[in-house]
Amino acid sequence: MEESAIQVSHIQKKFGGVTALEEISFKVSKGSIHGFLGPNGAGKSTTMKIITGILKACDGSVIIESKKPIGFLPEHPPLYKNMIVRDFLEFVRDIYKSNSDIESILSKCGLKHVEKRMIRNLSKGYQQRVGIAQALVVDPEIIILDEPTVGLDPHAIKEMRELILSLKENHTILFSTHQLYEASNLCDEVTIINKGRILKSGKIEDVKKDLVSGQIILIDLDSPVKEDDIQLLKSEFELSEINCEGNSLKITTIGEKDIRGEINKFLLDRNYIVTSLKLEEMDLEQIFDKVTSKLDV
């Protein structure tokens with residue numbers, strides 16, 4: 001059994017009469033990159049503020065398996081923008097009475113060439129890097145990043161992704177996002193939240209396996225499928241969706257049964273020549289759309 005770095009148990013949070021978090025529980029494995037996924041307003045920032053002690057939960061508990069401070073990058077980084085980058089990081093180090101090597105942190109975060117520039121004159125991407133650098137100054141074992149790529153251009157997002165991956169070697173990282181592509185390319189684990197409730201949590205492959213019901217079958221043919229045959233397909237097989245474009249079919253099935261052979265026979269019996277038939281793995285974005293739409297009732 002993997003060791004946990006963070007354990008969140010039955011957390012509840014209300015603001016007045018509005019329930020922001022409803023009995024949420026999940027764990028973050030030590031040494032992992034854990035994506036906390038959900039649309040805007042799902043409860044991600046509230047959860048992170050509770051984990052870091054900025055907000056107090058109405059009920060439940062959070063256990064942090066580390067004696068060191070948590071490195072935290074909030075949604076709006078706490079930067080003194082009239083300060084020079086190096087001076088700011090040294091200032092943070094002095095506040096926390098840390099022995100961190102500022103030179104090493106500047107290099108790790110790709111800030112060496114801008115260390116003498118004023119923070120307010122940096123791009124959004126570089127200000128986010130300064131925000132991560134200040135989170136590293138406390139020499140944390142656990143780093144929490146709230147929407148670290150929000151508002152960044154594609155090039156800055158790519159660089160931020162590479163930076164986060166580079167930090168995994170010596171840290172446990174929990175980061176929130178509503179960008180599913182990020183989670184697919186970065187995370188070992190994910191927790192999906194919507195409307196203050198946890199939909200699923202665990203290793204990415206396990207989450208996919210647990211949440212995906214059915215298969216996506218991609219078929220290429222020698223000619224377009226007739227409308228009558230499409231209707232027959234719908235009536236003879238348990239299908240949730242059929243998309244027909246030119247000589248190609250995209251079929252989404254219901255249930256776990258592999259019906260590729262049966263569909264292939266159906267098409268051959270009607271004189272179609274199947275040139276390609278394969279399964280498409282449902283990606284995290286499709287899964288996310290599927291499970292969050294179930295909750296939107």
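Each value in this text was obtained by applying a stated rule to the coordinates, not by laboratory testing. All of these numbers come straight from a predicted model, not from anything done at the bench. Neighbour counts run over all protein chains shown; Cβ positions are idealised from the backbone, glycine included.
Descriptive notes on the structure:
- Pairs beyond 27 Å (Cα-Cα), from LYS67/LYS112; LYS158/LYS195; LYS14/LYS68; LYS14/LYS203; LYS14/LYS67; LYS203/LYS278: LYS67/LYS112; LYS158/LYS195; LYS14/LYS68; LYS14/LYS203; LYS14/LYS67
- Beta bridges assigned by DSSP with both partners in the chain are antiparallel in approximately 70 percent of cases.
- Interchain or long-range residues, amide H under 5 Å from LYS200's placed H: ILE192
- Förster radius 45 Å - calculated FRET efficiency between SER223 and ASN185 (Cβ-Cβ, nearest 0.05): 0.75
- Relative intensity, log₁₀ I(q)/I(0), of the chain from a Debye sum that treats every alpha carbon as a point, q = 0.10, 0.13 Å⁻¹: -0.66, -0.92
- Here the scattering of segment 215-281 is modelled by Debye summation over its C-alpha atoms, one equal scatterer each and no solvent; at q = 0.13, 0.20 Å⁻¹ the log10 of I(q)/I(0) is -0.29, -0.73.
- Ranked by the mean number of other Cβ atoms within 10 Å of their residues, highest first, the peptides 26-39, 148-161 fall in the order 26-39, 148-161.
- Mean Cβ count within 10 Å, highest first, over the residues of peptides 258-268, 63-73, 176-186: 176-186, 63-73, 258-268
- For segment 104-216, the average shadow cast by the Cα convex hull is 8.9 nm², which is a quarter of the hull's surface.
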